[in-house]
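The values are calculated or read from the model by the stated rules, or taken from the named source; none is laboratory data. In this text, all values refer to a predicted model and were calculated from it rather than measured experimentally. No Cβ is skipped: glycine too gets one built from the backbone with ideal geometry, and neighbour counts run over all protein chains shown. Just the protein is used for accessible areas: all its heavy atoms, side chains included, with ligands, DNA and RNA removed. Shrake-Rupley method; radii C 1.70, N 1.55, O 1.52, S 1.80 Å.
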Amino acid sequence: MTGLDTIIGLLTQYGYLIMFPAAVIGGPYIALIVGFLISTGTFSFVPSVIILLLADIFADMIYYAIGRFGGEVTLTTIFRVTKERILKLEENFKKYSFHTLTIGKFLHGAGVIVLVAAGVVRLSLVEFIGYNALATVVKTILLLIVGYFFGSWIGALRTGLDYIAFGSVLIVLIIGFIVLFARVYPRRN
């Protein structure tokens, strides 16, 4: 039994009860799997969206708190971010809080650094939650849609080439959304 089979089995067996902690830990991967399970009738769309949104925002608030209370040391020691980069992030947050958080949400690996940095630069909690929630709604729904329509491929993703192809599709979708978003909401100088 693979890790994927285990996750699908746990979600199928325990349902909504395990979805929240799984999504806090697994983030976007769980959203993709839940999208697939919605397509099979295991879950309903609205309760799944609500649970995934709450879990994602909860996890992001943990990262924010780590930055807020851990300070600059968190970024420099754990994530190896230079002080120059921290100053640049701080400048970006002052000018483009919404854009910085939104881009961070869609860059899964680097996104953690952006979320922690939001706490380090002391972005107001209200602003953080508001902007983050907007980006989370879009990201979660996109991941559920991808999981819903392409989730049947999850079982076939056993070889490295299949993983690369699936990842490429996701990257193209995310880049397409970012480009569309940048055109709809251009920078203000």
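A few points about this structure:
- Within the range 41-54, the only residue that satisfies the criterion of being open to solvent by less than 80 Å² (accessible area, probe 1.4 Å) and either farther than 30 Å from Ile145 by Cα or out of contact with any helix residue (DSSP H, G or I) (no Cβ under 8 Å at 6 or more places or on another chain) (or both) is Gly41.
- Any hit, the range 6-23, residues being in a helix (DSSP H, G or I), out of contact with any helix residue (DSSP H, G or I) (no Cβ under 6 Å at 6 or more places or on another chain), under 24 Å from Ala135 (Cβ atoms) and open to solvent by less than 20 Å² (accessible area, probe 1.4 Å): no
- Exactly one residue out of Ala59, Ala31 is at pLDDT 90 or above and touching a Ser or Thr at 6+ places or on another chain (Cβ under 9 Å), and it is Ala31.
- Restricting the range 103-140 to residues that are farther than 14 Å from Leu75 by Cα and of a type in the set (Lys, Arg) leaves a set whose member that is most open to solvent (accessible area, probe 1.4 Å) is Lys139.
- Residues located in the range 55-82, provided they are in contact with a helix residue (DSSP H, G or I) (Cβ under 7 Å, 6 or more places away or on another chain), open to solvent by 60 Å² or more (accessible area, probe 1.4 Å) and in a helix (DSSP H, G or I): Phe58, Tyr63, Ile66, Arg68, Glu72
- Yes/no for Ser97 being buried (at least 18 other Cβ atoms within 10 Å of the Cβ) and modelled with pLDDT under 85: yes
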